[in-house]
Amino acid sequence: MKVLVYGLSSCIGGVETFVFNYCSAITKAFPQISFDYIVYDAIPGYVTERGLDRARFHVIPDRATSLIANRRELKRLFAKGNFDCVWGNLCSLSDIGPLSCAVGEAPMRIVHAHSSQNMGTMLTGILHKLHQKRIDGIATDLLACSQSASFFMYARKDVQARQVRIVPNGIDVIRFAFDEDTRQCIRKEIGWESALVMIYVGRLSSEKNPLFTLDVLEALRIKGHDARLLMLGEGLQREEIVSAIRTKGLDGLVKMLGTVPDVERYLSASDVLLMPSHFEGLPLALVEAQASGVFCVVSDGVSSEAVLSDHVHRIALADSAEGWARIVADELPFSQDRSKGAEAVKSAGFDLSQNAQELGTWLLRRYDEIVAG
């Protein structure tokens, strides 16, 4: 079975991590399933960083640059690709070009929802609403990372009339389990052995609200806490964040590490995860943090479906940074047994190997049903 995946951006984030985690796990469990990937304009740098050089990537012109060239190359790809399935991992329905071009070429066409609100512009929102009316005649199957994501992505009649398959954002729970030796090693390496270490993991973009984490850090410092902040991720707001660090006098208290291949090591080293997102479908970073037993302070824009343990505190995003800092300070000292985090996540049904096995089985069975008519 040959599957073409699209929806990858130029900067690695939750969707990209989900795609590569699941595709890798499915390929290992089901050698008869292979994956190709669509990327726009150029192969992203994270492909090399994650050792994906041998995967088949098809570079297509971005529709924002040339819609005509985009559609021409998509049609050419489908004409010669002999794909059995197209799997769109999307945060909105603003771009359904690959799915539209796949009609008549690929028997199985999947939309997979990964967000619970519009992450783009007003135009993105308009296109999303327009395409909601068309998707019923284009997609053969609807998937979502959570119930809230399904209600955002699909028209309510489609959610009610067609069974939307919920695919949890599973992780390798063993990899993300808390490790005390790693914690001490990283904290010594960065010189923050005795500090309160907070961590932000995600794209540096407005919908994730990373600038707010600096306000929380500042509020904790004013209260007299020796707090520090690790920021993992890349995005359009990087320079704005660097400028804000200087303006607030937080130099030396924030380490911006960019995209790292070993997030689990920094989670073990941290005490608190801050996630002040305006909205989230089901954030992979929060699942990973809970597996590591980190105390998590998240906004009410984060789906309650992502709360898998009693180490998560949801707070209104409308609350002040001082309010968030108070929640963090009230939990000091952190005395929870972090060794139980991985088992809590696994028990909640977010184990990658198990979920990949189920998804791979479903792909093969569903494809046979479609082909058989």
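The values are calculated or read from the model by the stated rules, or taken from the named source; none is laboratory data. Remember, predicted model here, so these are calculated numbers, not experimental data. Virtual Cβ from ideal backbone geometry, glycine too; neighbours counted across all protein chains shown. Surface accessibility is based on the protein's heavy atoms, side chains included, excluding ligands, DNA and RNA. Shrake-Rupley method; radii C 1.70, N 1.55, O 1.52, S 1.80 Å.
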Take residues that are more than 18 Å from Leu286 (Cα to Cα) and either touching a Phe, Trp or Tyr at 6+ places or on another chain (Cβ under 9 Å) or open to solvent by 90 Å² or more (accessible area, probe 1.4 Å) (or both) and tell me which of the helices (runs of 4 or more DSSP H) falling wholly in the range 315-373 contain 3 or more. 321-330, 352-372
Taking the conditions exactly as written (within 19 Å of Gly170 (Cβ to Cβ) and at pLDDT 95 or above), does Ile33 satisfy them or not? yes
I'd like to verify a number: residues in the range 302-329 that are free of Cβ contacts under 8 Å to residues at least 40 places away in the same chain and of a type in the set (A, V, I, L, M), how many? 7
Determine which single condition Arg228 fails, assuming it passes every other condition in (1) open to solvent by less than 70 Å² (accessible area, probe 1.4 Å); (2) more than 19 Å from Ser299 (Cα to Cα); (3) outside any strand (DSSP E or B); (4) not acidic (Asp, Glu). (3)
Give all pairs with beta carbons closer than 8 Å in which a residue from the range 203-220 that is within 14 Å of Phe279 (Cβ to Cβ) meets a residue that is among the charged types (D, E, K, R) and open to solvent by 30 Å² or more (accessible area, probe 1.4 Å); count only pairs at least 6 apart in sequence or on separate chains. Arg203/Glu234
The lone condition Arg72 fails out of (1) out of contact with any strand residue (DSSP E or B) (no Cβ under 8 Å at 6 or more places or on another chain); (2) open to solvent by 50 Å² or more (accessible area, probe 1.4 Å); (3) modelled with pLDDT under 95 is (3)
Given (1) among the aliphatic types (A, V, I, L, M); (2) farther than 27 Å from Val47 by Cβ; (3) at pLDDT below 95, Ala321 misses just (3)
Need the failing condition index for Val260 against (1) aliphatic (A, V, I, L, M); (2) surrounded by fewer than 16 Cβ atoms within 10 Å (Cβ to Cβ); (3) under 26 Å from Ile222 (Cα atoms), just the number. (3)
Within the range 212-226, can one find any residue that is touching a Lys or Arg at 6+ places or on another chain (Cβ under 7 Å) and farther than 14 Å from Ala325 by Cβ? no
So, in the range 5-25, of the ones that are assigned to a helix (DSSP H, G or I), among the small types (Gly, Ala, Ser) and touching a Leu at 6+ places or on another chain (Cβ under 7 Å), which residue ends up farthest from Val287 (Cα to Cα)? Ala25
Of the residues that make up the range 266-288, is at least one open to solvent by 30 Å² or more (accessible area, probe 1.4 Å), in a loop (DSSP other than H, G, I, E, B) and among the charged types (D, E, K, R)? no
The range 101-198: helices (runs of 4 or more DSSP H) wholly inside it with 2 or more residues that are under 19 Å from His278 (Cβ atoms) are 122-132, 147-153
Of the residues Ser292, Ser299, which is farther than 22 Å from Ala144 by Cβ, surrounded by 21 or more Cβ atoms within 10 Å (Cβ to Cβ), among the polar types (S, T, N, Q) and touching a residue at least 60 places away in the same chain (Cβ under 8 Å)? Ser292
